[in-house]
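Report on one structure; see the data block that follows.
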Amino acid sequence: MSKQVVTVCLPPCEPHEVREALAAAMAPFEYDAQIGRPDEDWQGEWDHWLVDARGWDLAVRPGHEDDPRIIRDEDAPSRPRSLCDGGPKGLLDLDTGRVAAAREAGERWDAWQVFAAGFPPSLPYAHFARRAAEDPGYTQDRVVADFGAQPLIRALDQDPSLEERFTWDPVPWFGEDRAAFVERAEADVLPSFALLTLDGRWLDGSSHQANVRFNAYVDGLPDSTLLVRVMYHS
């Protein structure tokens, strides 16, 4: 059992109607719901929920921080007014974070190319792990030692700031071309673990393909659509 966040899409409604609209949208996915179950083995997605971005805060467009249509968990009074749990799409800033992530990813990819050019080509950790799986005599200690003995990996290991920026196993991480690397980082900003669409589809995430689908769906919604982050226990 765990706590996750679903982004619920709702048709326009008055602020005092949001909780009721959320309850209606979430109801078909309650554990062991008796109505609308696709089959007798289906268990559902949640046993309780509440409005709570749980770290997946949505940004408010500047100038709309005090709009009564903005949805906030009032148990988080220390959160900046520029952040919220939801509201009409047109009042939310869905782009600034994605633009910043794309810019940072491009800068990181460029910096990696410059850094890596100063060392002999390096092999990923998976290369040594595969060898260990095929050769019983090639121990885990050898895997770690041979991977870490590579000059580039050794340089990262000796400088925590470099390892934090480029990861401890950078070859697969930066293996994509620049455009794909940037697109992946940009697509990762907005999605929560799951998406509940206007037409009642619960779409689980946690993959790049799901992130792309999430962004495309939300970007295509009318500005009047409510987007609400809901924390649920599953």
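The values are calculated or read from the model by the stated rules, or taken from the named source; none is laboratory data. What you see is a predicted model; the values in this text were computed from it and never measured. Glycine gets a Cβ as well: all are built from the backbone with ideal geometry, and neighbour counts include every protein chain shown. Keep in mind that these areas ignore ligands, DNA and RNA; they rest on the heavy atoms of the full protein, side chains included. Shrake-Rupley method; radii C 1.70, N 1.55, O 1.52, S 1.80 Å.
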Please name which of Thr225, Leu162, Pro172 has its Cα lying farthest along the dipole of region 159-234 towards the positive end, using unit charges on Cβ (Lys, Arg +1; Asp, Glu -1) and the Cα centre as origin.
Thr225
Sorted by mean Cβ packing within 10 Å, highest first, what order do the peptides 94-102, 45-53 take?
45-53, 94-102
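How big is the Rg/Rh ratio for the chain, C-alpha atoms only, Rh by Kirkwood, two decimals? The partial results should precede the final answer.
Values: Rg = 22.3 Å, Rh = 20.7 Å.
Rounded to two decimals, Rg/Rh equals 1.08.
For region 109-234, take the convex hull of the Cα atoms, compute a quarter of its surface area, and give me that in nm², please. Please report the intermediate quantities before stating the final value.
Numbers: hull surface 46.8 nm².
One quarter of the hull surface, i.e. the mean projection, equals 11.7 nm².
Pop the C-beta distance of Phe119 and Arg213 into the FRET formula with R0 = 30 Å and round what comes out to the nearest 0.05. Mind dumping the intermediate values first?
Numbers: r = 38 Å, r/R0 = 1.26.
The pair Phe119/Arg213 has a calculated efficiency of 0.20.
Please find the FRET efficiency linking Glu20 to Asp95, where r is the Cβ-Cβ separation and R0 is fixed at 30 Å, and quote it to the nearest 0.05. Walk me through the intermediate numbers first.
Working: r = 30 Å, r/R0 = 1.01.
Computed FRET efficiency for Glu20 and Asp95: 0.50.
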Probe 1.4 Å, all protein chains in place: accessible area of Arg184 in Å², nearest 10?
100 Å²
Go through Ile71, Ser206, Phe115 and say which Cα lies farthest out towards the positive end of the charge dipole of the chain; charges sit on Cβ, +1 for Lys and Arg, -1 for Asp and Glu.
Phe115
Carbon and sulfur together cover what percent of the accessible area of the chain at a 1.4 Å probe radius?
53 percent
Using a Gaussian network model of the chain with C-alpha springs under 10 Å, which one of Ala111, Ala129, Ala21 is most mobile by mean-square fluctuation?
Ala129
Treating only the Cβ of Lys, Arg, Asp and Glu as charged (+1, +1, -1, -1), what charge dipole size does region 107-202 show about its Cα centre? Round to the nearest 20 debye.
160 debye
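Using the C-alpha gyration tensor of region 52-156, what are the square roots of 5 times its eigenvalues, in whole angstrom, with the largest one first? Intermediate values should be presented prior to the final figure.
Values: eigenvalues 450, 72, 23 Å².
After scaling each eigenvalue by five and taking roots: 47, 19, 11 Å.
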Rank-order 6-18, 166-178 by packing density, defined as the average count of other C-beta atoms within 10 Å over each peptide's residues, highest first.
6-18, 166-178
CD proxy, 222 nm, the chain: helix-only mean residue ellipticity via -39,500 (n - 2.57) per DSSP H run with n ≥ 4, per residue, nearest 500, stands at -11000 deg cm²/dmol
With everything on Cα atoms, drop me the angle between helix 208-219 and the longest principal axis of the chain, reported from 0 to 90° to the nearest 10.
30 degrees
Whole number in Å², please: accessible area per residue of the chain, 1.4 Å probe, ligands, DNA and RNA not counted.
56 Å²
